[in-house]
1. Go through (1) out of contact with any helix residue (DSSP H, G or I) (no Cβ under 8 Å at 6 or more places or on another chain); (2) without any contact (Cβ under 8 Å) to a residue 40 or more places away in the chain; (3) surrounded by 20 or more Cβ atoms within 10 Å (Cβ to Cβ); (4) not aliphatic (A, V, I, L, M) one by one and return the number of the condition Phe77 breaks.
2. Taking Phe33 as meeting all but one of (1) surrounded by 14 or more Cβ atoms within 10 Å (Cβ to Cβ); (2) without any contact (Cβ under 8 Å) to a residue 24 or more places away in the chain; (3) not hydroxyl-bearing (Ser, Thr, Tyr), write down the number of the exception.
3. Exactly one of (1) over 22 Å from Leu97 (Cα atoms); (2) out of contact with any helix residue (DSSP H, G or I) (no Cβ under 7 Å at 6 or more places or on another chain); (3) surrounded by 12 or more Cβ atoms within 10 Å (Cβ to Cβ) is unmet by Gly58. Its number?
4. Of the residues Leu228, Leu256, Leu238, which single one is touching a residue at least 40 places away in the same chain (Cβ under 8 Å) and closer than 28 Å to Ala187 by Cα?
5. With respect to Ala187, is the statement that it is small (Gly, Ala, Ser) and either in a strand (DSSP E or B) or under 27 Å from Ser112 (Cα atoms) (or both) true?
6. Quick check: anything in region 197-216 assigned to a strand (DSSP E or B) and on the phi > 0 side of the Ramachandran plot?
7. Looking at Ile248 and the list (1) surrounded by fewer than 17 Cβ atoms within 10 Å (Cβ to Cβ); (2) over 30 Å from Arg17 (Cβ atoms); (3) among the β-branched types (Val, Ile, Thr), which single condition is not satisfied?
8. Being under 23 Å from Glu247 (Cα atoms) and either of a type in the set (Gly, Ala, Ser) or surrounded by 23 or more Cβ atoms within 10 Å (Cβ to Cβ) (or both) is the filter here; which residues of region 183-195 pass it?
Amino acid sequence: MNLFNLRDKKLLAEYFRKDPFLHLYSLGDLDDFFWSKTTCYGVLSGKSVDKVVLVYHGGTMPVLLALSQPGQLEKEFVNQLIQLLPDQFYAHLSPGLEESFSSIFAISDYGSHFKMGLKDQSQIGKVNTKNTFQLTEIDLEEIQSLYQLSYPGNAFDPQMLLTRQFVGYRRDGRLLSIGGVHVYSPAFRVAALGNITTLPEFRNQGLGRAVTAKLCLSLQKNVDLIGLNVKKDNLPALSLYRSLGFEISAEYGEFLLKKRP
């Protein structure tokens, strides 16, 4: 088995589209907006890709996406991959795969998560989205203030405001709720929602539901597949997303890996 740095977007997209909601982030990272910060390691079988993992370098720390069907990323593959990885990185791993890294890396577990995909798009049009509006760069200070109060552990990247795919809910001139995207690619027709939150004192009033629905309605104009990641024990969020037509497509774990001395 030989592991290659793959740069053929067509081949990579064909592979990722075999299980599009599992690989939604990877599909989006093929977009020119993200591509310069993306590395794909995989195995070729003839003229097609047999297996692939992706490392994204655009944030404060590299993120490894190693997601597959059970048994697809075997030990030999992981052993070769380990030689190519940085000393410290965050990782999204299919269940049980973290064990293959444990001899080389100290692993901190950040919990089990679900990948969800919007399967029933009929529900989002039924939501009252009054008082929602598009957020832009001029709203950055207000956005950061909301996240500091409501979601301090967020993964908000200000450059994603350039996508024009962030939605807010304002009442009496105050920003109370927000939803946006981690990944947005009209070229590959995919989007991944993220950084959705409402100020604690205004929760359970349908504000998060309104911004999420409005965001999906906006995204539908340019993408075919809309997905998201949510922590497995976040029952209120799971209930919200299910009510809007999202369904669980896969389970995975999030981890921080640091190379042992």
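Laboratory data are not the source of any read-out in this text; all were calculated from the coordinates shown. Computed from a prediction, not measured in an experiment: that's the story for all the values here. We place every Cβ from the backbone using ideal geometry, glycine too, and count neighbours over all the protein chains shown.
1. The single condition Phe77 does not satisfy is (2).
2. Going through the list (1) surrounded by 14 or more Cβ atoms within 10 Å (Cβ to Cβ); (2) without any contact (Cβ under 8 Å) to a residue 24 or more places away in the chain; (3) not hydroxyl-bearing (Ser, Thr, Tyr), Phe33 breaks only (2).
3. (2)
4. Unique residue meeting the criteria: Leu228.
5. It is false that Ala187 is small (Gly, Ala, Ser) and either in a strand (DSSP E or B) or under 27 Å from Ser112 (Cα atoms) (or both).
6. Looking through region 197-216, none of the residues is assigned to a strand (DSSP E or B) and on the phi > 0 side of the Ramachandran plot.
7. Ile248 satisfies all of (1) surrounded by fewer than 17 Cβ atoms within 10 Å (Cβ to Cβ); (2) over 30 Å from Arg17 (Cβ atoms); (3) among the β-branched types (Val, Ile, Thr) except (2).
8. Once the filter is applied, which keeps residues that are under 23 Å from Glu247 (Cα atoms) and either of a type in the set (Gly, Ala, Ser) or surrounded by 23 or more Cβ atoms within 10 Å (Cβ to Cβ) (or both), region 183-195 yields Val183, Tyr184, Ser185, Phe188, Val190, Ala191, Ala192, Leu193, Gly194.
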